[in-house]
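Please treat every number below as a calculation from the coordinates, not as lab data. This structure is a prediction, so every number in the text was calculated from the model and none was measured. We place every Cβ from the backbone using ideal geometry, glycine too, and count neighbours over all the protein chains shown.
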Amino acid sequence: MTDELAVRGIECWAHHGVFPDERRQGQRFVVDLVLGLDTRPAAASDDLHDTVDYGSLTMAVKAAVESDPVDLVETVVQRIADVVLLERRVEWVRVTLHKPDAPIPTTFTDVALTIERKRGPR
């Protein structure tokens, strides 16, 4: 059994996209994370070392989003999942990447991609 820890609304500025203007000007991306982990050890000890330091993890996710530009949100969201799964306590992660300012020629609220990835065999 795993518990869920959510961190939502991580704002990033990056230069991802297929179109030259996206690469040149950059745009806002917003990340939502849901982490699957066992929180019982931290609850018993009341010690940060027994859980995920979501402050540090958030900064690592932000750095991953804002690093090397790529064309597709699919690539960025996989990059985020890979970073999160480096944290040994995380058993699985659900990542949603929002691209609210995507260059779409109609009125819309958001473009978002959600993936779920599990840790491989230990």
Cα long-axis angle, helix 54-66 against the chain (0 to 90 degrees, to the nearest 10): 30 degrees
Sites matching chymotrypsin sites (Phe, Trp or Tyr not before Pro) across the range 46-122 that sit in DSSP coil, with at most 15 neighbouring C-beta atoms within 10 Å: Phe108
Residue-wise HN-Hα coupling along the range 7-24, computed from phi with Karplus coefficients 6.51, -1.76, 1.60 (Hz; x: Gly, Pro): 10, 10, x, 6, 8, 9, 10, 8, 10, 8, x, 7, 8, x, 5, 5, 5, 6
Principal-axis tilt of helix 73-84 within the chain, Cα atoms, nearest 10 degrees: 20 degrees
